[in-house]
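Structure record follows, encoded as structure tokens.
The values are calculated or read from the model by the stated rules, or taken from the named source; none is laboratory data. Just so we're clear, the structure is a prediction, and the values are computed from it rather than from any experiment. Cβ: placed from backbone, ideal geometry, glycine included. Neighbour counts: every protein chain shown.
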Amino acid sequence: MGLYDRDYTQANFRSQFHNAPQMRMTFPQITPVVKWLLIINFTVFFVQILGAERVLMKWFSLYPVSLSVAMQLWRLVTYQFLHGGMPHIFFNMLGLFFLGPTLERYWSSKRFLIFYLSCGVAGGLFYLLLVIIGFLPALPMVGASGAILGMLAACAILFPHFVVFIFLFPVPIRVAAIAFTAIYLIVVITRGSNAGGDAAHLAGMAAGAIYVFSQSWRAKLRLKIQSSRLQKKIATERNLQVELDRILQKVHDSGIHNLTPKEKKILGQATEAEQKRSKL
């Protein structure tokens, strides 16, 4: 997979998402999380081919052979770092290399990592669901494809001017996303040879799209929660100040020895808080 920005769209294109970066016909500048994901994936793959594949597959692949194994939740993350051969890891890491840096710079390293792993987890959960209901057989599943396809969906929404190279042919990223979705749906519905993997691809793409489309809603929700917390804090401080004023008036009227243990505790806490503020 390759990726570039169509120059003829630059003059008129304005993304509906503000501050969207523009990608030129160059290799992307690697970003921290993408770099470490590449290193970890290739390191694990070399460990696999050096003779540890059986052990890694046994303990870290997504293999719902039984309920107890399906409940080993770490597999939802670890299966993403195992691959079934050189072509498998090559094309996945190529997608990560070209798509990942743009999203990491757009969101931040922390948000990108959460997004990447979450898309992979979504793919794994959907595969588990299809196995549990008996639609698909229980086979071991590995690969970062769910996360990679989640990135493809996110980029198709955020940066529709991108063009990806599929087998050396330039294809608009949204066309590629729609085509992949259709292919995966057909394979899953017909229970094709890679139905489990393609189910994970679909779920990863759905997770990526949902994450992007819900950004505005999630931002409003965070703002509402922060506002609610601030209002509660202000109300608590106001009530505490009213109680403190009452206690100080009681001290003035009848002396500190007439305070109850609770009132003395409140007065002590207020004194400590004031001393800390004075030091600052």
The residue from Leu82, Leu67, Leu73, Leu117 that alone is over 14 Å from Val44 (Cα atoms) and in contact (Cβ under 8 Å) with a residue 24 or more places away in the chain is Leu117
Sole exception among (1) under 30 Å from Ser68 (Cβ atoms); (2) among the aliphatic types (A, V, I, L, M); (3) in contact with a helix residue (DSSP H, G or I) (Cβ under 9 Å, 6 or more places away or on another chain); (4) surrounded by fewer than 24 Cβ atoms within 10 Å (Cβ to Cβ) for Ile133, by number: (3)
Determine whether region 257-273 contains at least one residue that is touching a helix residue (DSSP H, G or I) at 6+ places or on another chain (Cβ under 9 Å) and either among the charged types (D, E, K, R) or touching a residue at least 40 places away in the same chain (Cβ under 8 Å) (or both). yes
Given the conditions (1) modelled with pLDDT under 95; (2) surrounded by fewer than 15 Cβ atoms within 10 Å (Cβ to Cβ); (3) among the β-branched types (Val, Ile, Thr), every one holds for Ile40 apart from (1)
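Just a yes or no: is a residue in region 193-208 part of a helix (DSSP H, G or I), over 26 Å from Gly134 (Cβ atoms), modelled with pLDDT of 85 or more and assigned by TED's automatic domain parsing to the domain that holds Asn92?
The initial filter retains those residues of region 193-208 that are part of a helix (DSSP H, G or I), namely 195-208.
Now drop any that are not over 26 Å from Gly134 (Cβ atoms), which leaves 208.
Now restrict to residues that are modelled with pLDDT of 85 or more: 208.
Narrowing the set further to residues that are assigned by TED's automatic domain parsing to the domain that holds Asn92 leaves 208.
There is at least one residue in region 193-208 that is part of a helix (DSSP H, G or I), over 26 Å from Gly134 (Cβ atoms), modelled with pLDDT of 85 or more and assigned by TED's automatic domain parsing to the domain that holds Asn92.
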The helices (runs of 4 or more DSSP H) lying wholly within region 56-123 that contain at least 1 residues that are among the hydroxyl-bearing types (Ser, Thr, Tyr) and under 14 Å from the mean Cα position of the chain (by Cα) are 86-107
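Inside region 171-223, can you point out the residues that are among the aromatic types (Phe, Trp, Tyr) and either under 13 Å from Leu149 (Cβ atoms) or in contact (Cβ under 8 Å) with a residue 12 or more places away in the chain (or both)? Show your work before the answer.
So the first thing to find is which residues in region 171-223 are among the aromatic types (Phe, Trp, Tyr), and the list is 180, 184, 211, 213, 217.
Matches in region 171-223: Phe180, Tyr184, Tyr211, Phe213.
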Looking at (1) under 25 Å from Met86 (Cβ atoms); (2) out of contact with any strand residue (DSSP E or B) (no Cβ under 6 Å at 6 or more places or on another chain), which is the only condition Ala176 fails? (2)
Would you check if Arg218 is exposed (fewer than 15 other Cβ atoms within 10 Å of the Cβ), out of contact with any Ser or Thr (no Cβ under 9 Å at 6 or more places or on another chain) and in a helix (DSSP H, G or I)? yes
Conditions: (1) more than 30 Å from the chain's Cα centre (by Cα); (2) closer than 30 Å to Leu130 by Cβ. Val212 meets all but one. Number of the miss? (1)
